[in-house]
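Worksheet for the structure shown next.
The values are calculated or read from the model by the stated rules, or taken from the named source; none is laboratory data. What you see is a predicted model; the values in this text were computed from it and never measured. Every residue, glycine among them, receives a Cβ derived from its backbone with ideal geometry; neighbour counts consider all protein chains shown. Keep in mind that these areas ignore ligands, DNA and RNA; they rest on the heavy atoms of the full protein, side chains included. Shrake-Rupley method; radii C 1.70, N 1.55, O 1.52, S 1.80 Å.
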Amino acid sequence: MLAILKREFASYFTSPLGYVYLAVFYGFSGLFLWLTCLSSGSASMSSTFLWMFFIMMILIPVLTMRTMADDKRQKTDQLTLTSPVSLFGLVMGKFLAAFLIFLIGCVVLLIYALFISAAVQNSGNEFGWASFWGNFVGIILMGGVFISAGIFISGLTENQMIAAIGSIGANIVLCMFDIISSYVPVESVSNIINSLSVFYKYQEFTYGIFSLKNVLFFLSLIVIFNFLTMRVAERRRWS
Amino acid sequence: MIEVKNLSKRYGNKLAVDNISFSAGESEILGFLGPNGAGKSTTMNILTGYLSSSGGQALINGVDILEEPVTAKKDIGYLPELPPLYLDMTVNEYLNFVYGLKKCKLPKKSHLGEICSLVKITDVQNRVIRNLSKGYRQRVGLAQALVGNPKVLILDEPTVGLDPKQIIEIRTLIKKLGKNHTVILSSHILSEVQAVCDRVVVIDKGKLVANDTADNLSRSLSADHKLTVQIEGPSKEVQALLSAIPDMVEVHVNRNVDKTVTEYELNAKEGADIRREVFKRMAARNYPILLMRSSELTLEEIFLKLTTGDFYGNTDNGGTK
């Protein structure tokens, strides 16, 4: 697993992919920080986090599009799948590599928070660190869900572009559950769909509500998608 | 070392590998021969655990590849048809990655250095694989298979795309490796199998059609005693003279070498030696024999015979009795 993790991580920086991802992530987070905090003089970064959700929805598929697809296209899966590495190690290596890049992107939000808290303290007020950490955990979990979903979709195809577009589509569907639920006339069904809504739960984080229930929901989504990726890789052997 | 028992693989309705059994012992080089689409690569992919079988068993060192894949894979070095290279890495980075991937315990620097000098890629170690030629890529692929010094090497058409000099080098290398590894080598280049392998397994349309040494195959299939001769003289008369020899079964005119010289293929009864008789009869009429050799079957001919059931293929030999 460690070998895969190291290789995948390095590969983000031997191609422009990692740089492009980080540049766009930093650019938009800066823009939203300006729009939601600095220009209005607000000290709460919650809206920044909310906006980053939409950027991640489109940006993370770029990070994950080639994880599995490119291996199949270049036949390098013949190396990884015939080496003494379990499928779990293979998928986790790829997941953690993408997740690490994502975390490097997220660090910038922490830096913004440090600056804002310093500015707020200068004016004699208190920065809402509790709310910030809630948001921060929220965005990291959300990123994990998008990454694991993206790797899963990448495992379904050999074509990076299809993987990217498919993942963006899947992410949009993941987030549209609450809109869909409002159109379902049967209340019990609508409740079920609503309880699966990713966006709604992420929004709760940005409102400063930190519930263990939501953390578990995101974690189980990550586990499920990674598990599905393993099944898809396994299924290829049997087809 | 490698034991394959009743292996089958089904793709939908198509049976790609049909109930194949064979084995390869320690320090044996086994040639895997078959026309395109015969199921060579599929069998190799099953042996290495890349594909699963639909039936039967593949044991590597007594370990079932499906039951305990991680243990079994530790003993295998695999070079697929297309070397599985990450084009964005340098050769060194790539081999280091493979070293980690295979959880290799040997001293890293000396082990990788040894492999590099063995397959002669030391001078390209720091180059990005994308920029390497096909021959070098093939060698890096071979180097990858050697990392961790696995007991079993499975090589799928290892000399494809190499120039003649490189082909000879790789063959010599494989022979050398065969002294302390079990090697399975697939190829549709017959002379390669003949030159390198101790034993040959021929498969066609997923079925095993032969499993023997190259020499045995050649002997058992050339039951008739055959001679190829070139004789100077009027071909009709020579043909008649040759046909008159007792024990002669068939005289083929192979081709006209030039205006006066003709090449014949002589088929005598099994066990009969007609060489002296041919000499005496030609000497009596003063027709010089320019060439005489026994035409044992080449692997090429065996191959055609086994896979098409037709010894002369579809060439017109214009044979007469």
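Some observations on this one:
- Distant alpha-carbon pairs in region A:2-234 (separation over 34 angstrom), percent: 20
- Straight-line cross-link partners of B:Lys109 among the lysines, defined as a Cα under 17 Å from its Cα and at least 8 positions apart when in the same chain: B:Lys120.
- Using distinct alpha-carbon pairs, which all enter the 1/r mean, Kirkwood radius of the protein assembly as shown in Å: 28.3
- Note on region B:223-295: Lys pairs 8 or more places apart or on different chains, Cα atoms under 20 Å apart, count 5.
- Residues considered: B:Asp273, B:Asp204, B:Asp18. Largest GNM mean-square fluctuation over chain B, using C-alpha springs under 10 Å, is found at B:Asp273.
- Just so you know, the averaged projected area of the alpha carbon convex hull for chain B sits at 20.1 nm².
- Computed helical MRE - 222 nm, chain A, DSSP H runs ≥ 4 contributing -39500 (n - 2.57), nearest 500: -26500 deg cm²/dmol
- Exceedance of the 23 Å cut-off in Cα-Cα distance is limited, within the set B:Lys134/B:Lys305; B:Lys14/B:Lys40; A:Lys72/B:Lys179; B:Lys103/B:Lys134, to B:Lys134/B:Lys305; A:Lys72/B:Lys179; B:Lys103/B:Lys134.
- Within a straight-line Cα-Cα reach of under 12 Å, B:Lys207 can be paired with the following aspartates and glutamates, leaving aside sequence neighbours fewer than 8 residues apart in one chain: B:Asp18.
- Charging the Cβ of each Asp and Glu at -1 and of each Lys and Arg at +1, and nothing else, the dipole of region B:223-295 about its Cα centre rounds to 220 debye.
- Nearest-ten-degree value, helix B:108-118 long axis tilted from longest Cα axis of chain B: 20
- Those trypsin sites (Lys or Arg not before Pro) in region B:1-88 that DSSP places in a loop and that have at most 16 other beta carbons within 10 Å: none
- In chain B, the DSSP-assigned H stretches of four residues or longer account for a calculated mean residue ellipticity at 222 nm of -9500 deg cm²/dmol, using -39500 (n - 2.57) per stretch and the full residue count as denominator.
- Among residues other than B:Cys197 with Cβ under 12 Å from its Cβ, the summed charge is -2 (Lys and Arg +1, Asp and Glu -1).
- Applied to region A:28-37, the Karplus parametrisation 6.51 cos²θ - 1.76 cosθ + 1.60 on θ = phi - 60° returns per-residue 3J(HN,Hα) values of 6, 5, x, 4, 6, 5, 5, 5, 9, 10 Hz, with x for Gly and Pro.
- Interface burial for B against A (accessible surface, 1.4 Å probe, total of both chains, Å², rounded to 100): 2500
- Among B:Phe279, B:Phe22, B:Phe303, the largest mean-square fluctuation in a Gaussian network model of chain B (Cα springs under 10 Å) belongs to B:Phe279.
- In summary, the convex hull built on the alpha carbon positions of region A:98-142 has an orientation-averaged projected area of 3.0 nm².
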